[in-house]
Amino acid sequence: MEVLRRSSVFAAEVMEVFDRSPTDKELVSQAKALCRDYINSRLIRAGVSWSKPEYNTPVPGGKLAEVSTILLRLGDELEYIRPNVYRNIARQLNISLHSETVVTDAFLAVAAQIFTAGITWGKVVSLYAVAAGLAVDCVRHAQPAMVHTIVDCLGEFVRKTLVTWLKRRGGWADITKCVVNTDPSLRSHWLVAAVCSFGHFLKAIFFVLLPER
């Protein structure tokens, strides 16, 4: 109960920052909260048993809930276009899920490759889909503690790579523009671009990680 109470307080604090310009630290906190919600959604969809209490957090409310809903909606579209791309991530990268270092290095390598040619919301959605796919793999292979590692890893990547870009757009709420008054065909176009890019860099990362296996 204490864990859930602290989670509720944290969620309230994260939501409050949408009423003003968020700091770097707040943007990272929001990124991790969104990641936890995204991963929980994918674990439930995959029918994977999950009993870590710190991740059974209340559903975000207010503007954060809207951002989370849209992120998941765009993730659904992205994964629908190529259903196999964001599944079995560990197998595609041919990595062991028993080493935190291996999982961390692989995720950060993939994340770096996603944004090599610049930052777009499509690529941000792709990053969350990768994190969730990898998290599902970890839980399925009896490595639930790795989920926390993946969330922290994503937060650190956001801090180092995406914070400045996010601040220029006023924060995470900018993602709502991807679905408001947007031509579905145009939205599909940038989602397809994200998927195609991911397919190419998966092969590249495979060879980068090859000496480490």
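The values are calculated or read from the model by the stated rules, or taken from the named source; none is laboratory data. A quick note: this is a predicted structure, and the numbers were derived from the prediction, not measured. Please note that ligands, DNA and RNA were not included when accessible areas were found on the heavy atoms of the full protein model with its side chains. Shrake-Rupley method; radii C 1.70, N 1.55, O 1.52, S 1.80 Å.
Non-local amide H neighbours of PHE115 (under 5 Å, H modeled in plane, Pro and chain starts lacking H): which ones?
none
Figure the gain on full extension for ARG87 and ALA112 (residue separation times 0.36 nm, minus the Cα-Cα span) and round it to one decimal in nm.
Working: separation 25, 0.36 × 25 = 9.00 nm, distance 1.92 nm.
In short, 7.1 nm is gained.
Whole-Hz Karplus ³J(HN,Hα) for segment 25-36, in order, using 6.51 cos²θ - 1.76 cosθ + 1.60 and θ = phi - 60°, x for Gly and Pro?
For segment 25-36, the Karplus-derived couplings read 4, 5, 4, 5, 4, 5, 4, 6, 5, 5, 5, 4 Hz, x marking Gly and Pro.
If the chain between LYS177 and ASP24 were fully stretched, how many nm would it gain, using 0.36 nm times the residue separation less the Cα-Cα distance? Working shown, then result.
Working: separation 153, 0.36 × 153 = 55.08 nm, distance 2.15 nm.
Going from the current span to full extension adds 52.9 nm.
From largest accessible area down, sort ASP174, ASP105; use a 1.4 Å probe on the protein chains.
On the way: ASP174 20, ASP105 85 Å².
Ranked from most to least accessible, the order is ASP105, ASP174.
For segment 20-179, report the accessible area per residue in Å² (1.4 Å probe, heavy atoms, rounded to an integer). Walk me through the numbers on the way to the answer.
Working: 7080 Å² over 160 residues.
Spelled out: the 1.4 Å probe surface of segment 20-179, per residue, equals 44 Å².
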